[in-house]
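Here the structure is laid out as structure tokens; the discussion comes afterwards.
The values are calculated or read from the model by the stated rules, or taken from the named source; none is laboratory data. Just so it is clear, the structure is predicted and the values come from calculations on it, not from any experiment. Positions of Cβ are backbone-derived with ideal geometry, glycine not excepted, and every protein chain shown enters the neighbour counts. In case anyone asks, the SASA skips ligands and DNA or RNA and just uses the protein heavy atoms, side chains included. Shrake-Rupley method; radii C 1.70, N 1.55, O 1.52, S 1.80 Å.
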Amino acid sequence: MESKVCYVCGKENLSKNEIGLTRKLLNRNTKRFFCLSCLAEYLEVDTEFLLEKVEEFKTQGCTLF
């Protein structure tokens with residue numbers, strides 16, 4: 001599997017959570033991924049909110065994480 005890089009800042013080796021969150025919130029089939037910080041800025045929320053969403057989605061059984 002190729003290493004995913006943040007589309008905005010270029011951060012390398014994005015985590016499974018960052019990749020999953022980009023897919024869940026933006027587009028399941030995207031080729032452009034965001035790190036947590038850039039995704040938070042893009043969505044105009046804070047990173048804590050996104051981390052809470054990750055846990056919520058995992059609890060719901062989402063397979064993207």
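Scanning the stretch 32-65 for residues that are touching a Phe, Trp or Tyr at 6+ places or on another chain (Cβ under 8 Å) and either open to solvent by 90 Å² or more (accessible area, probe 1.4 Å) or in a loop (DSSP other than H, G, I, E, B) (or both), we see that the one that is farthest from E18 (Cα to Cα) is Y42.
Residue count for the stretch 6-31, restricted to those that are open to solvent by 80 Å² or more (accessible area, probe 1.4 Å) and part of a helix (DSSP H, G or I): 2. Output the qualifying pairs, or none if there are none: Cβ atoms under 7 angstrom, residues six or more apart or on different chains, first residue in the stretch 1-30 and acidic (D, E), second residue not in a loop (DSSP other than H, G, I, E, B). Once the first residue is acidic (D, E) and sits in the stretch 1-30, its partners that are not in a loop (DSSP other than H, G, I, E, B) give E18/F33; E18/L36.
Among the residues making up the stretch 31-61, those that are of a type in the set (G, A, S) and free of Cβ contacts under 8 Å to residues at least 24 places away in the same chain are A40, G61.
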